[in-house]
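Accompanying notes for the structure given below.
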Amino acid sequence: MSEGMRVEPDLNFIKYLKSAGGDSVKKCFQCATCSVVCPLSSDGNPFPRKEMIWAQWGLKERLAGDVNVLLCHQCGDCTAYCPRGAKPGDVLGAIRAYAYTHYGFPQGLAKMCSSGKNFPLLLGIPMVLIGLLWFLSGGMHVPSVEIFKEAGFGHFFGEGKVLGGLLTKNVAFIDLIFLPAFAFAAFASFKGATAMWNKMSTSVNANQDYRPSAKQFVTEFLLPSMVETLQHKRFNECGTNQNRVKGHLPLVLAFIGLFIVTNYAFIVKDIIGYFVEGLHGPIAMGNPIKILANISAIAMIVGVGILWANRSNTEESQGSSPTFYDWFLIGVIMAVGITGLGAELIRLLGIPSFAYFFYYMHLVSIFMLFFYMPYTKFAHMVYRTVAMAFERYRESGFVIKAD
Amino acid sequence: MTDERSASGAGGVLVVGGGISGLTTALEAAEVGKDVFLIEKNPYMGGRVAQLNQYFPKLCPPSCGLEINFKRVKNNRKIRMYTMTEVQSVSGSAGMYQVTLETRPRGVNNNCTGCNACVEVCPQERDNDFNFGMDKSKAIYKAHEMAFPMKYVIDAQACDKCGKCVEACRYNAIELDMAAKTMTVDVSSIVWATGWNPYDPTKMENLKYGSSQAIITNMMMERLAAPGGPTDGRILRPGDNKEPESFAFVQCAGSRDENHLEYCSYICCMATLKQITYIRERYPEARVTVFYIDLRSPGKYEKFREKLMADDKVTFIKGKVADIIAEDDGGVTVVAENAVTGEKVHAKVDLAVLATGMEPAGQAAAAKVGVDMDSNGFIISDAGKGMFAAGCAKKAADVVTSTQNSTAAALKAIQASR
C-alpha cells in the first residue's frame, strides 16, 4: 500500500458521508486507538482505523468491498475512546448507509430511499397504491358494527370470492399487494448481496476457480452466521452501547414470532381456507397463534422503543447526528407495531371507522418496511449476515490457499 | 501574623512557584533591582526539574543549572524565599496587590545542619512522594539529595510526635509544635510559575495503570534512573526489582486526547527518546519499542531523534497503545494497531512506560484568586492586571522554553510594576 498509491478522492462521496452522520470523519488523526478498543476487531484485519482514512480520502470502491464496515455493530467503544471526537462508529454507520444504496437494485429506488427529502414519496407510493386497490376492490366503506365484529378486517378489500372461488377477495388483494412486494425485495436483496460478495471476493483476491458449492456456502458460512446473529454474540461483546441488545433481541424475536403467525395465517386462510369454510374471521384470542401474535406485537413495540430511547441517548451523550437512515427504520417499525396493535384493540372496542384507518396505515407501514428493506437500514439483516458469512469464507481454505 | 511588606510603592514582584521557571523569573527580576517574594509549595526548591535524572538533549544532570540558580538566590538580598508557602488570597489591583500567604509548619528550623541524626531515630515511615511512592522515607526526612534549602522536614500526617528526633538533634532544630504562619505582602505584580503535574495515569482506564507494577510513568522512570532515586539509578521493575529485558514506551498517554488533555504536552517524545538513552546505557541488550502517533522532536531535537531511530535495538511503531494486559510473570502485553502494516501488535514487555503529559498544576490556586485561565487550565497573562504566567503554567514546554518565557515574564512584571 505504501508504494506509489495514487489517491483519487471522490468528493461527493465524502460530502455524502458527512451528511449521513459521518460529519466527524475529517477529525481522525489515525492514532489507531479505535482498532484496539473495538471488541469486534480482529488481530489480522483490525478496523476501523483504516476505514477512517479511506473515508477521508473518499475511496468509496474500497469501502464498498470492505467486509469490516458491515461487521461493525456500532458498539460505540471506538467513539467513546476516540481522542479526537471523530466518532468512527458513526462514520462506519454512514458508510453502511452508502453501501446499501451502492448495491441497491434498482438504483433509482435505492437512491430514493437514501434521503429524507424523499420521505413524502416513500410514504405516498404505498398510500396511493394500497388506497387505489382498496378503492378498486369496492371494500372502501365502513362496515356495520355487527359485520365488523364477525368478519374483522376480512371484508377490508370487499366480500366474496375471486379466481373461480379459489380465494376470498380480501386475501387475493392482500396477496396481490404483498407477494410481489416481498418477492421483489427478496430478489433485490439477492442481487445486492451477490454484488457485494463478488466485490469483497475481489478485494481479498479470492481464487475464483475454487469456490464453495451452494451447499458448502449455506452450511459452512451462512447458517453459522445466522445462528450467531440470533444469539446476539457480537452485540454482547459490545461495551459502550451494550444495552442495545435489550431492544434488539426482543425485536428480532418479535419478527420471528410474527413471521410464524403470518405463515400460519397464510396457510390456514389461503390454502386450508380453500377447502374449509369459516376460517376467514379473526383468530380467537385464546388461540396459541393469537397469543404469539400479541406477545410479538408487544415485544416489537417495547424492543423498538428501547432502541428509540437508546438512539436518542447516544445522540445526546456522544453527540451523534440524527440521520434519516437510523430514524426511518425505527419510525417504520414503530409504526408497524402501533398500527397493528392499534387496529386490533380498536376492533375489540368495536369502532369500525377508526379500526379501518389503522388497518390501512398498518398495511402501508408493512409495505414500507419490507418493500424498501434492501435500501434502508433494515438491509443490515441481509448484508451483515452475508458479511459475517464472508468473514468465515475469508478465514476458510477457499481464500487462504489463494494467497 | 507578621507583616513583611516591601517598601510602599517600591513595586515588588511575587513569584508563585520555585521551580526552574520561578527561580529564573525571580532572579531576572531581582538582579535588576526589584524586590521579589519567591514562594514554593514544596519543602524544597527546584520543582519538577529536581526530580529529573538528566535534561535533554545534552543529557546533563539537573544539578547543572539548578545549583547555579540556588547560589544566585542565596547571594541575592532582593529575593525573599519561602518554602511550604501558598497564596491564600489576593486583594487590590495592578501596582498595589496585597497578597496573603500561608506557610505550613516545617517542624524544623534554621538550626538544621542536615546531619541526619533525626532520621536515624525516627520510627515512622511515609510514602516518598518525591520518588512517586516507589520507596519510603522516615516521617522526618530530607526531601532529596540536593534539597535547597538544606533543611529537613516533618510530614505532619506521618509524625506521631514521639519526640525521639528532638532528643537526637544536637542543634535544637526540631520544633514539633511549630505553627502555620500567615503574612501579607504588598506587590505590584504577580508571576504564576506554578508548573505542572504528571497527568493522573489512572484516568486512562484502558491503559490499566495500577493493574501491574510493570506499568510506570515517564516521571517514575526519571526517578528510577536518577542516582538519588529509589533504586540508586539502576532501572529495576518496581515490586520485584527485576532487571527488565524489554521496554515499551506508550506515547500520548493522555495527551492530544479530548477525553484527557486535549493539547500536545510537547516534552513526552523527547523525554522518551532521552529515557531510551538511560536504558541503552544500563542494558545494552534490552529491546525497546516506542508506540506513537507522531514523533515530535522540533528544531534541534531532530538530530537526537535521528540518532535513536538509527539504533537497531529500538523499534518505532506508528499506532497508539489502547490496551495493556497484566501478565502472570510480572510483565505486561501492550496492544496497538500498527497503522503502517494494518495489523494489531501484541508486544509482551517487562516494563511499560506511559509517556504521560503535563497538566497545569496551578489551576486550583489560580481559580481561588480569580486568575484567568484558558480552557485547559493554563494561566493567561494580563499586563493590565499585572498578572503573568511563566514556564509550564503558561503552556506545556521544555526547560529551555520555560526559562525563556520566564525571563520574558520577569521583564513584563518589571514593566508592570513601574
- Note on the structure: Taking region A:1-39 and keeping residues within 30 Å of B:K208 (Cα to Cα), of a type outside the set (V, I, T) and within 13 Å of chain B (Cβ to nearest Cβ) leaves A:S24, A:K27, A:C28, A:F29, A:Q30, A:C31, A:A32, A:C34, A:S35, A:C38, A:P39
- Message: Criterion first (in contact (Cβ under 8 Å) with a residue 12 or more places away in the chain, in the same structural domain as B:N405 (by TED's automatic domain parsing) and not aliphatic (A, V, I, L, M)) does B:Y152 satisfy it?
- Response: no
- Task: Considering only region B:68-107, state which residues are of a type outside the set (S, T, N, Q) and under 19 Å from B:K368 (Cβ atoms).
- Result: B:Y82, B:M84, B:E86, B:V87, B:V90, B:G92, B:A94, B:Y97, B:V99, B:L101, B:E102, B:R104
- Item | Filter result for B:N405 (closer than 23 Å to B:P298 by Cβ and at pLDDT 95 or above) | yes
- When you go through B:G254, B:G331 one by one, which is the residue that is within 20 Å of B:R237 (Cα to Cα) and in contact (Cβ under 8 Å) with a residue 24 or more places away in the chain? B:G331
- Query: Got a sec? Which of A:I53, A:I95 is assigned to a helix (DSSP H, G or I), within 20 Å of A:R384 (Cβ to Cβ) and hydrophobic (A, V, I, L, M, F, W, C)?
  - Reply: A:I95
- Looking across region A:61-87 at residues that are within 19 Å of A:W327 (Cα to Cα) and within 14 Å of chain B (Cβ to nearest Cβ), the single one that is modelled with the highest pLDDT is A:K87
- Single unsatisfied condition, A:I351 versus (1) in contact with a Cys (Cβ under 8 Å, 6 or more places away or on another chain); (2) farther than 26 Å from A:P180 by Cα: (1)
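Would you pick out the residues in region A:40-49 that are facing another protein chain (nearest Cβ under 7 Å) and surrounded by 23 or more Cβ atoms within 10 Å (Cβ to Cβ)?
Of everything in region A:40-49, those that are facing another protein chain (nearest Cβ under 7 Å) and surrounded by 23 or more Cβ atoms within 10 Å (Cβ to Cβ) turn out to be A:P46, A:R49.
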- Query: So which residues in region B:363-409 are part of a helix (DSSP H, G or I) and of a type in the set (A, V, I, L, M), if there are any at all?
  - Reply: B:A364, B:A365, B:A366, B:A367, B:A383, B:A393, B:V399, B:V400, B:A408, B:A409
- Message: Out of everything in region A:301-320 that is surrounded by 17 or more Cβ atoms within 10 Å (Cβ to Cβ) and assigned to a loop (DSSP other than H, G, I, E, B), what residue ends up being modelled with the highest pLDDT?
- Response: A:S320
- Note on the structure: (1) surrounded by 21 or more Cβ atoms within 10 Å (Cβ to Cβ); (2) within 15 Å of the chain's Cα centre (by Cα) all hold for B:V371 apart from (2)
- Query: Can we say A:L163 is of a type outside the set (V, I, T), in the same structural domain as A:T262 (by TED's automatic domain parsing) and more than 30 Å from A:S321 (Cβ to Cβ)?
  - Reply: yes
- Selection from region B:79-116 of residues that are in a loop (DSSP other than H, G, I, E, B), under 22 Å from the mean Cα position of the chain (by Cα) and among the hydrophobic types (A, V, I, L, M, F, W, C): B:M84
- Qualifying positions in region A:193-243 - of a type in the set (S, T, N, Q), surrounded by 18 or more Cβ atoms within 10 Å (Cβ to Cβ) and in a loop (DSSP other than H, G, I, E, B): A:T240, A:N241
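Per-residue answers, yes or no, for (1) in contact with a Phe, Trp or Tyr (Cβ under 6 Å, 6 or more places away or on another chain); (2) outside any loop (DSSP other than H, G, I, E, B); (3) among the basic types (K, R):
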residue	(1), (2), (3)
A:K111	no, yes, yes
A:L123	no, yes, no
A:L129	no, yes, no
A:G139	yes, no, no
A:E146	no, yes, no
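Condition check ((1) of a type in the set (V, I, T); (2) farther than 23 Å from A:S317 by Cβ; (3) not assigned by TED's automatic domain parsing to the domain that holds A:N205) across all residues:
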{"site": "A:L59", "(1), (2), (3)": "no, yes, yes"}
{"site": "A:D66", "(1), (2), (3)": "no, yes, yes"}
{"site": "A:D77", "(1), (2), (3)": "no, no, yes"}
{"site": "A:P83", "(1), (2), (3)": "no, no, yes"}
{"site": "A:K87", "(1), (2), (3)": "no, no, yes"}
{"site": "A:L92", "(1), (2), (3)": "no, no, yes"}
{"site": "A:L121", "(1), (2), (3)": "no, yes, no"}
{"site": "A:G124", "(1), (2), (3)": "no, yes, no"}
{"site": "A:G131", "(1), (2), (3)": "no, yes, no"}
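The values are calculated or read from the model by the stated rules, or taken from the named source; none is laboratory data. Source: prediction; values computed, not measured. Cβ coordinates were reconstructed from backbone atoms using ideal geometry, including for glycine residues, and neighbour counts include every protein chain displayed.
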